[in-house]
Amino acid sequence: MPANTGRRPTSAALYEEALQHIVGGVNSPSRSFKAVGGGAPVFMKRAQGAYFWDVDGNRYIDYLAAYGPIIAGHAHPRIVEAIARAAESGTLYGTPTELEIEMARRLKEAIPSMDKVRFVNSGTEAVMTTIRVARAYTNRTKIIKFSGCYHGHSDLVLVAAGSGPSTLGIPDSAGIPISIAHEVITVPYNDLGGLRQALERWGDDVAAVLVEPIVGNFGMVMPKPGFLEGVCRMARDAGALVIYDEVITAFRFHYGGAQNFAAFPDHAAIEPDLTALGKIIGGGLPIGAYGGRKTIMEQVAPLGPAYQAGTMAGNPASISAGIACLDVLREPGVYDRMDALAARLTDGLEASAAKHGVPLTINRIRGAFSTHFCAHPVTNYAEAQDTDGEAFAAFFRAMLDRGVCLAPSKFEAWFLTVAHTDADIEETIEAADESFRLVAAG
Ligand code: PMP
């Protein structure tokens, strides 16, 4: 597949240069175009609202939203102002600030299962620490996770098992000792039978069941009715804690966590013991947070024996950006608008794919959705894998050439933001119509 030498010669040149200095030319593997035919990724220069401009001056409508955080759109004036104000007052103190209390209060109000909160710098740190806290609290070592869910890049959660239910994991990444892999059990998402089997076999050793309450990492996948309730009930019957990774989901669908999402049929019974947060709550600056029941959180130093710390944790710039972002999201009608725009967009994509005879399954949850190039439903990782990656790659490239920026992976979601407009949706549907036609033509 040719690199971006046509419309994007400067990106192609910068990529060659980047390869000399930065491993793989990118600072996160998800930014590489490896999964969509290779070549140079697009080097962006500027972003405003719903748009990117690349180093060659091409404009793109952005549905990547930086993998989730940019829900207010790029460079939202309130967030920019909050960051500037924070910077003027000093970027890092190494002391507590009042801002941190304000942010913690807001998170607790929106996600009441969190009695106590701690800020960290990334989603990875947040999840990693919830596991440590769960282990400290239960005095057990194993965790159960669900295949295809991504929880950051700490050792334990990079272990993704084979496809069979309740198989012991093997390291998916080099550099993870087999002893750690033995502490992780992976079962298919939406499969309570698999979870039951795993708990019957290893239940006495399981510290926590870790789950994305709505999946964002093999497309957007809703839990089947009763799934989260079953996870919570079975975990607790086994004496294990429940950890929700809400790094993507918190504040994505409504003002609060997926755990507070009234649309869930088993709404009342699905609160976790611990929650990990990140992305949106930093308004586009680095952040993570975790929280949970008071007695559990009291395991954390300086109150308890589980250690977790951070030089940058709770820094005024990230917290200020986060508060400003939550302010934007508290405005009336914000989520309904993103929902309506996403509905229009997915209706258009479905109609166009059908017109061109391209099999397409869309999983949409309010303002976020995923496009799977297949004819079957996608409810777990195996189904998400069993889709046409080449068709996705062709679609992705055709969209990019028509000014629409998606994530370069068939597993990633499209995110609407506060900044998208009806005109953006129209333009995207037109670009998609031409792109599906090209996909169909092979
Ligand atoms: N959990 C989930 C559900 C995620 O989607 C991600 C990142 N995509 C993480 C954790 C890790 O967050 P970070 O990249 O901020 O470390």
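Worth pointing out:
- Between helix 123-138 and the chain: long-axis angle, C-alpha atoms, 0 to 90°, nearest 10: 20
- Bridge type composition, the chain - antiparallel percent by DSSP, nearest 5: 60
- Test item: Cα-centred dipole of the range 366-442, Lys/Arg +1 and Asp/Glu -1 on Cβ, debye: 180
- Enclosed volume per residue, in Å³, of the convex hull spanned by Cα atoms of the range 77-329: 121
- Compared with the alpha-carbon gap, the fully stretched path from Asn27 to Arg330 is longer by 105.8 nm at 0.36 nm per residue.
- Distance from the range 60-122 to the range 189-257 (C-alpha centre basis), Å: 26
- Length gained on full extension, Glu17 to Ala440: 148.7 nm, using 0.36 nm per residue less the C-alpha separation.
- Inverse mean reciprocal Cα-Cα distance (Kirkwood Rh) of the chain, Å: 22.4
- Counting every other Cβ atom within 10 Å of each residue's Cβ, His21, His182 order from fewest to most as His21, His182.
- Coupling constants for the range 204-217 follow from the phi torsions by the Karplus curve (6.51 cos²θ - 1.76 cosθ + 1.60, θ = phi - 60°), and in residue order they are 5, 9, 8, 7, 7, 9, 10, 8, 7, x, 10, 6, x, 10 Hz; glycine and proline get x.
- Tilt relative to the chain, helix 227-237 - C-alpha long axis, 0 to 90 degrees, to 10: 20
- Label zone (Ala423, point 7 Å along Cα-to-C-beta; backbone nitrogen cut-off 19 Å) within the range 389-415: 402-405.
- Using the Cβ-Cβ distance between Glu81 and Asn139 with R0 set to 35 Å, the FRET efficiency works out to roughly 0.15.
- When the inverse distances between all different Cα atoms of the range 66-130 are averaged and flipped, the Kirkwood radius reads 14.1 angstrom.
- Our estimate of slack between Glu102 and Ala66, defined as 0.36 nm per intervening residue step minus the Cα-Cα distance, is 10.4 nm.
- Prolate/oblate/rounded call for the range 339-442, Cα gyration tensor, a/c under 1.5 rounded: oblate
Each value in this text was obtained by applying a stated rule to the coordinates, not by laboratory testing. Please read all numbers here as calculations on a predicted model, not as lab measurements. Every residue, glycine among them, receives a Cβ derived from its backbone with ideal geometry; neighbour counts consider all protein chains shown.
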